[in-house]
Amino acid sequence: MDDNLSNLRKQIDKIDNQLLILIKQRFDVALEVADYKREHNLSICVPERENEVIKARTKQAVELGMEDHTRFIQELFQSIMRESRLIQETCLAQQINTTEG
């Protein structure tokens, strides 16, 4: 295999690893958000907030020169937020089961 291609693939692997670390950090914060929402009796799903995030990240993508990829960015963040909601729901359900059990 071409050394240049190998080096490029190593760069992609390194970036992928960084992405996973950042996603893990985001999910950890989602757990903290779940605790806060439980303590303050707040809803897990806040469509206004999710719309703000999608709009902001789409704008940021355009500013970064990714205007041809805005649909992907929107879908990516919708998926991330969907998973964050699931994490929060699971966390709250486990806390309820723990206190009831």
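Each reported figure results from applying straightforward, stated rules to the coordinates on display, with no laboratory input. Keep in mind that what you see is a predicted model, and the values were worked out from it rather than measured. When we count neighbours, we look across all protein chains shown, and the Cβ atoms used for this are built from the backbone with ideal geometry, even at glycine.
General remarks:
- Share of alpha-carbon pairs per 5 Å distance bin for segment 3-100, given as whole %: 3, 11, 15, 18, 18, 13, 10, 6, 4, 2, 1, 0
- GNM top mover of LEU31, LEU64, LEU86 - the chain, alpha-carbon springs below 10 Å: LEU64
- Contour minus Cα-Cα distance for ASP13 and GLN94 (0.36 nm per residue): 25.7 nm
- Highest-MSF residue in the chain out of VAL53, VAL33, VAL62 [GNM, Cα springs under 10 Å]: VAL62
- ASN51 paired with HIS69, simple spin-label distance in nm, labels 7 Å along Cα-to-beta-carbon: 2.7
- All other residues whose Cβ lies under 13 angstrom from that of ARG9 are scored, Lys and Arg at +1 and Asp and Glu at -1, for a net of -2.
- GNM top mover of ILE80, ILE12, ILE21 - the chain, alpha-carbon springs below 10 Å: ILE12
- Cα centroid separation - segment 1-24 against segment 40-62, whole Å: 29
- Rounded to the nearest 20 debye, the dipole magnitude of segment 3-100 is 120 debye, with +1 charges on Lys and Arg beta carbons, -1 on Asp and Glu beta carbons, and the Cα centre as origin.
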